[in-house]
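Any read-out appearing in this document is the output of simple, stated calculations on the displayed coordinates, not a laboratory observation. In this text the structure is predicted, and so the values were computed from the model without any measurement. Glycine gets a Cβ as well: all are built from the backbone with ideal geometry, and neighbour counts include every protein chain shown.
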Amino acid sequence: MDLDIHVTSGMSTPLSVVRRAVGVLVLISPEAEPDAVMIDARRMLSPRERMLLRIWLEGRSQRGDARG
């Protein structure tokens with residue numbers, strides 16, 4: 001499974017997940033705090049998917065990139 005992560009403006013929640021045959025599309029609000037994203041991720045993603053998302057979020061915060 002592929003995890004495809006996008007930062008998308010205009011979202012009403014920190015995280016939205018769309019499961020597709022070829023992978024998982026994860027949409028994240030640019031205003032969302034990483035902790036809020038991970039709280040939602042616990043309900044929506046598998047442990048492996050959460051690990052990949054956490055790695056992506058950590059890289060984003062180290063780059064200081066608000067847009068992903």
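Results, tabulated for the structure shown:
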read-out	value
Farthest positive-ward along the chain dipole, Cα basis, beta-carbon charges - from Leu53, Ala21, His6	Ala21
Lys, Arg +1 and Asp, Glu -1 on Cβ, resulting dipole of the chain about Cα centre, debye, nearest 20	200 debye
Approximate shape of the chain as ellipsoid semi-axes (Cα gyration tensor, √5λ), whole Å, largest first	17, 13, 12
Under-5 Å amide H pairs with Gly23, H placed in peptide plane, nonlocal only	Asp2
